[in-house]
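What follows draws every value from the coordinates through simple rules; no lab data is involved. Values in this document were obtained by computation on a predicted structure and should not be read as measured data. Cβ atoms come from the backbone with ideal geometry, glycine included; neighbour counts cover every protein chain shown.
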Amino acid sequence: LVTSPSNIGTIISQSAKQLSDLLDRAEDVGISEIVESIIGLPDDVSHVVNLNTLGEKKDVMVNMLSKSLKSGDAIFTRISRSIYGAVRGAVLGGTGSKGRQLVEMALQRVGAAFLTDKVMEVAEVLIVVATVSESVHGAWYSQLLKNMSLID
């Protein structure tokens, strides 16, 4: 519950951590579980919150989140592009400070800068996979590009 404007950032960080923990623990999570995690209220909140109002708010959040997760939705598109840009920045910028800076800039656009460490971890794996793939298939890639007349 928000008791003052100053603790909104703390609440957002806690909700993001709870959601991240949930997604790390379970492979198949439904939208209602995501909403429960984001709200993150203790079991005994009846003395603080009107449970009917809370249920209605959860329903609205589930509905809104369901619509936002569909391909073609403006929110989905914006977040997807930002995450794509962040991963691309990390892979092309490297795992050092320059890559990290690119990741943070891309994620800040959608308020997801807290995911920087996770994106950097993914980028490290992608860089290793790309390096191995190039060393194994590099000659084939070069020949394919020559056949397509993209390089001489």
Student exercise, the chain dipole from Lys, Arg, Asp, Glu Cβ charges, in Debye to nearest 20: 680 debye
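Computed from the mean reciprocal separation of all distinct C-alpha pairs, what Kirkwood hydrodynamic radius does the chain have, in Å?
18.7 Å
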Region 74-147: Rg to Rh, with Rh as the Kirkwood radius over Cα pairs: 1.11
Sites A26 and T77 - FRET efficiency at Förster radius 25 Å, r taken between beta-carbons, to 0.05: 0.45
FRET E, pair V136, T95, Förster distance 30 Å, beta-carbon r, rounded to 0.05: 0.90
Of the DSSP H helices in the chain, those whose Cα atoms cover at least 20 Å axially and whose Kyte score averages -0.5 or more: 8-25, 51-68, 74-93, 116-147
I12-V128 pseudo-label distance in nm [points 7 Å out on the Cα-to-Cβ vector]: 3.3 nm
Reachable lysines, given that their alpha-carbon falls under 20 Å from the alpha-carbon of K67 and they are not under 8 places away in the same chain: K57, K58
